[in-house]
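The values are calculated or read from the model by the stated rules, or taken from the named source; none is laboratory data. Since the structure is predicted, the reported quantities are computational estimates derived from the model, not experimental observations. Methodologically, a virtual Cβ is constructed for each residue, glycine included, from the backbone with ideal geometry; neighbour enumeration extends over all protein chains shown. Just the protein is used for accessible areas: all its heavy atoms, side chains included, with ligands, DNA and RNA removed. Shrake-Rupley method; radii C 1.70, N 1.55, O 1.52, S 1.80 Å.
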Amino acid sequence: QVQLVVSGGGLVQAGGSLRLSCAASGNIFSINSMGWYRQAPGKQRDLVAVITRGGSTNYHDSVKGRFTISLDNAKNMMYLQMNMNSLKPEDTGVYYCNAFTVSGLGRFDYWGQGTQVTVSS
């Protein structure tokens, strides 16, 4: 089992910055990758950014050059962060931290609680 606790988010004007953090605990050694998903009102949950345990990253085209994802390891914990700069109203949504593991049984996803990000124009 993996537990994810999210912090950060809030209300910001367009052009501003926010930081999201996610602390992972439990069976963190089984985690393959962690990432952030965004769900706008009435839309599906989309991947915003992902980072592997080895540090490889991938971003949604809409956030490239503006968002930066990072992953730090500490004793019995993993810390995921995403710095969001030059925020746009279309970045508004509920952001979810995700971690997934891969085994012989396939992929298993863990989700943190969502945090609201609202960018006003």
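Residues that are crowded, with 17+ Cβ neighbours inside 10 Å and outside any strand (DSSP E or B) within the stretch 89-114 comprise Asp91, Thr92, Gly112, Gly114, listed in sequence order.
Entry remark, the stretch 12-60: residues being closer than 18 Å to Gln1 by Cβ, among the hydroxyl-bearing types (Ser, Thr, Tyr) and either open to solvent by 60 Å² or more (accessible area, probe 1.4 Å) or outside any strand (DSSP E or B) (or both) number 1 in total. Scanning the stretch 61-88 for residues that are free of Cβ contacts under 8 Å to residues at least 40 places away in the same chain and in contact with a Ser or Thr (Cβ under 6 Å, 6 or more places away or on another chain), we see that the one that is most open to solvent (accessible area, probe 1.4 Å) is Arg66.
Selection of first residues in the stretch 91-109 that are free of Cβ contacts under 8 Å to residues at least 40 places away in the same chain and of second residues that are part of a strand (DSSP E or B) and polar (S, T, N, Q), restricted to Cβ pairs under 7 Å at least 6 apart or on distinct chains, gives the following pairs, ordered by first then second residue: Phe108/Thr101; Asp109/Asn98.
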